[in-house]
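Here the structure comes first, spelled out in structure tokens, and everything after it is commentary.
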Amino acid sequence: MDHTIEIKSLSKLYRLGVIGTGTLSHDLNRWWYKVRGKEDPYMKIGESNVRDGQGESDYVWALKDINLQVPQGEVLGIIGKNGAGKSTLLKILSKVTGPSRGSIKYQGRIGSLLEVGTGFHPELTGRENIFLNGAILGMTKSEIKGKLDEIIDFAGVARYVDTPVKRYSSGMKVRLGFAVAAHLEPEILVVDEVLAVGDAEFQKKAVGKMQDVSKKDGRTILFVSHNMASIQNLCSRVVVMEEGGIVYDGEVSDGIQQYLSSSLKNLKTQLRDREDRKGGKHFRFKDVRVYSGAEGELTSPQTGKDLKIKVSYEAVKQLENVVIRIILVTHDGTVKFVCNNFHSSETFKAIGTRGYFLCTVPNLPLIRGRYFIHLTCMSNRDILDDIEFAHEFDVVEGDFYRTGKLPVINSVLVDHNIIQVSS
């Protein structure tokens, strides 16, 4: 095999609302077609995974006829909107689930970090889980011991390494999970969006580690992220997925531009009707308004003035321990700042079935330009609704420093004071 990973005609079919294969009659029907050497009848009626409308079939193709080759040492970025099939592809590659048809061939061991806590036994300590993961990868106890101190130091969990993982925060689980996956020397490293849970310092360290293992050790990396800056800096090639298929495979900058152009088109659809979202069943964002001053005025946000973001919602029942995350980004997905009530105050203990959230940012630190909002709602740490590019707005120039002057660089403004002291 010329490539580390070779995927041919890979497809995954799901039946909506059903866990497992479905009904006994469906299983018997499948068996009857199989013994006669015919194609599964339900694969013929499956629809593409289009999320913006109602389909006629209960069967949906999460992946459809994926063909992909990844050479050794390549860092392949996989991007696409929620529901595009990215995570399903990685789960099949990591043997979390099986394909409906098609094949995957690969050389070497696979280390996966698909979601927070993947591969960890919650009752075991961090140290015990490191040895467990190493054993699963086929490493000997002495080999794991040789990497143990390096893994613990990289993850920054030395104080808690002998504490059961169930007591770790989500950030600690991600740091330890990534450290284990990266240091136990799998030939293929599969990393899903989970690095977004870590802090900025760890994300930078993780990206640096992936660059090292790719360039120095020749290991292959598949990296899924919504952070286009990380994709641009880390990946040598990018794949864009839509509705379970690959729509672009090639140069990173062009792929990112195609993905962003597709995402921005959805802004024309009313927020409540947007289906390119994760969740939205029990809670749904309905509308976003961005303004300065009193709500009746609805004036454009201005640098140095208070920014107000009003987010309306509806839910099927009262929800508890709710966190609302509002991320402000540029057109290329670069994050300018993040607002959420968990960090600024505390979770909302209970919210009603209808209402709105009002976020106020005093002394807006953004320079003139166009910005976009990503929205997420979580309840008891479960994501209820998550939608990218939920709203766009323009910031007009203002007097942030009260001096009539602003820097020309594209940055976030910080209130500060510089003095001179003679020695």
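What to note about this one:
One line per residue, one yes/no per condition, for (1) among the hydroxyl-bearing types (S, T, Y); (2) outside any strand (DSSP E or B):
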| site | (1), (2) |
| --- | --- |
| Q232 | no, yes |
| V238 | no, no |
| S253 | yes, yes |
| I256 | no, yes |
| S262 | yes, yes |
| K265 | no, yes |
| E275 | no, yes |
| K281 | no, yes |
| V288 | no, no |
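- Considering the range 91-113, the residues that are in contact with a Leu (Cβ under 6 Å, 6 or more places away or on another chain) and within 19 Å of S214 (Cα to Cα) include one that is least open to solvent (accessible area, probe 1.4 Å), namely G111.
- Filter result for the condition that a residue is in contact with a strand residue (DSSP E or B) (Cβ under 8 Å, 6 or more places away or on another chain), open to solvent by 60 Å² or more (accessible area, probe 1.4 Å), small (G, A, S) and at pLDDT below 85, over S25, S48: S48
- Among the residues of the range 309-317, some residue qualifies, meaning at least one is of a type in the set (A, V, I, L, M, F, W, C), in a strand (DSSP E or B) and either open to solvent by 70 Å² or more (accessible area, probe 1.4 Å) or more than 15 Å from L358 (Cα to Cα) (or both).
- When L260 is tested against (1) modelled with pLDDT of 90 or more; (2) within 30 Å of T88 (Cβ to Cβ), exactly one condition is not met: (1).
- Qualifying residue in the range 326-346 (condition: closer than 13 Å to T360 by Cβ and surrounded by fewer than 16 Cβ atoms within 10 Å (Cβ to Cβ)): yes
- Residues (over 19 Å from E123 (Cβ atoms) and open to solvent by less than 50 Å² (accessible area, probe 1.4 Å)) located in the range 156-173: G171
- Enumeration of residues in the range 348-389 that are among the hydroxyl-bearing types (S, T, Y), part of a strand (DSSP E or B) and open to solvent by 60 Å² or more (accessible area, probe 1.4 Å): Y356, T360
- Any hit, the range 376-383, residues being within 22 Å of T347 (Cα to Cα) and in contact with a His (Cβ under 6 Å, 6 or more places away or on another chain): no
The values are calculated or read from the model by the stated rules, or taken from the named source; none is laboratory data. All figures in this text were calculated on a predicted structure; none of them were measured in a lab. Every residue, glycine as well, gets a Cβ built from its backbone with ideal geometry; the counts of neighbours run over all protein chains shown. Note: areas computed on protein heavy atoms with side chains; ligands, DNA, RNA excluded. Shrake-Rupley method; radii C 1.70, N 1.55, O 1.52, S 1.80 Å.
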